[in-house]
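The values are calculated or read from the model by the stated rules, or taken from the named source; none is laboratory data. All of these numbers come straight from a predicted model, not from anything done at the bench. No Cβ is skipped: glycine too gets one built from the backbone with ideal geometry, and neighbour counts run over all protein chains shown. Surface accessibility is based on the protein's heavy atoms, side chains included, excluding ligands, DNA and RNA. Shrake-Rupley method; radii C 1.70, N 1.55, O 1.52, S 1.80 Å.
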Amino acid sequence: MNFFAHHQPVPTTSRHASEVATQIFRQNVDKTHVLDNIYNKSNDELWIETWLQQNNIYRPLPNLKKINVPLNAMTIHEAKTQLNKCVSLMGSLNKIQQDLQRNVATMSSTEWKQKTVDIGMIKDEFTRIMCKFDNAEVLKHLKVCIKNRKKKRLNDRKRRDRKILEKQEDVEKRKKLHKEIDHWLNSKKEEVEKVKMEEAMQKDADSVLSEVTKKKYDARKQLSLISALIKLRLVRENVASHRGEKTSSEDKRAFNITTEKLVKMWENSLQVYLKEEQGLKLMLEKTQTEDSKQARLNKERRLVEEWKTVLFGQVHAVPTNNSTYWALTAAERELETFIAIRKSWDTFLVSPNNENGSKIPIGWILPDVNSNEAWTLYLDNSNALLG
């Protein structure tokens, strides 16, 4: 840049000319720094500063704190690589040292000199690498980087642990919700089954009682018909008497006898039908009670099976080649094995007159101290024998 392009020459002494040149140079350098600052600022920052100046509330924007990075700064990966290289160089030195110690008597001077040259090259390389760490600013920068890396990894670990915990909580909530849904579905299923069972029982009761009900209806219908015929007979007799006509007493007596027989017959049939209906109702009630008891027992058995599954797992078929299982459960299938085991147990029994009493068979679990009186004698004797 020509700093004197816009200035007219002034006839002065050399000292005065140098002072003027220095002043002009400083002014142009200051302008250059201002231009650099303007170019480095973003458009948003320039717009904000312009608006603040126009409203007479201009305040310089705060300078963000910048991390001073040393000139020869290294990253963590570079430092690790260099240190690993130093460790490798130390290993090479140890290997050469051992080789020299082992072959000190047989090694020629040329080989010895070559080994010393190799050692010198390795030492130079080691010194060159370690010189990079012989800088307080570089070490400080590395410590800051390692601290930030540890902080970042710790935050990442906390975030992962938090995500895992949230996922576990979600899984637990989902399991709890599924249990609640299953419980609700089971309760609704039981209600539906109960309603269906009641409807089926009602249908069975209706089908059983339908024939008796029909007979009852027919008997009452016949009695109503006979009663209507008797009333009709009386009306006709009254009409005939008003007309002065004479009625036959024999016909009247025969009619009364016939109607009395019919009424008695149908009343007896109605009583039989009523008793039959009552008996069928009692039988149906008893059947319903038994069915409800059976349903309750089935529910209890189902609950017991579910508890067994929860406590002991699913029941799997025992393979035929499981000799241990079949040997331990042989007494449940073979009478001879059961008798043999019982006989071996009976060998521990003695007569009631024996002072020591019977011993508990080997392998049996001893009862608690607070056992019933029937076991007290055997417990004391077994403790004495064991003691």
Among the listed residues Lys203, Lys173, Lys194, which satisfies the condition of being at pLDDT 90 or above and open to solvent by 100 Å² or more (accessible area, probe 1.4 Å)? Lys173
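Can you name every residue in the stretch 98-141 that is among the small types (Gly, Ala, Ser) and open to solvent by 90 Å² or more (accessible area, probe 1.4 Å)?
Of everything in the stretch 98-141, those that are among the small types (Gly, Ala, Ser) and open to solvent by 90 Å² or more (accessible area, probe 1.4 Å) turn out to be Ala105, Ser109.
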What number of residues within the stretch 267-314 satisfy the criterion of being among the aromatic types (Phe, Trp, Tyr) and either over 32 Å from the mean Cα position of the chain (by Cα) or outside any helix (DSSP H, G or I) (or both)? 1
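Residues in the stretch 158-168: is at least one in a helix (DSSP H, G or I) and open to solvent by less than 80 Å² (accessible area, probe 1.4 Å)?
Initial filter on the stretch 158-168 (in a helix (DSSP H, G or I)): 158-168.
Subset that is open to solvent by less than 80 Å² (accessible area, probe 1.4 Å): none.
Within the stretch 158-168, none of the residues are in a helix (DSSP H, G or I) and open to solvent by less than 80 Å² (accessible area, probe 1.4 Å).
Would the stretch 252-270 turn up any residue that is closer than 30 Å to Met201 by Cβ and touching a residue at least 40 places away in the same chain (Cβ under 8 Å)?
For the stretch 252-270, residues closer than 30 Å to Met201 by Cβ and touching a residue at least 40 places away in the same chain (Cβ under 8 Å): present.
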Checking Asn321 against (1) closer than 30 Å to Asn186 by Cβ; (2) assigned to a loop (DSSP other than H, G, I, E, B), which test does it fail? (1)
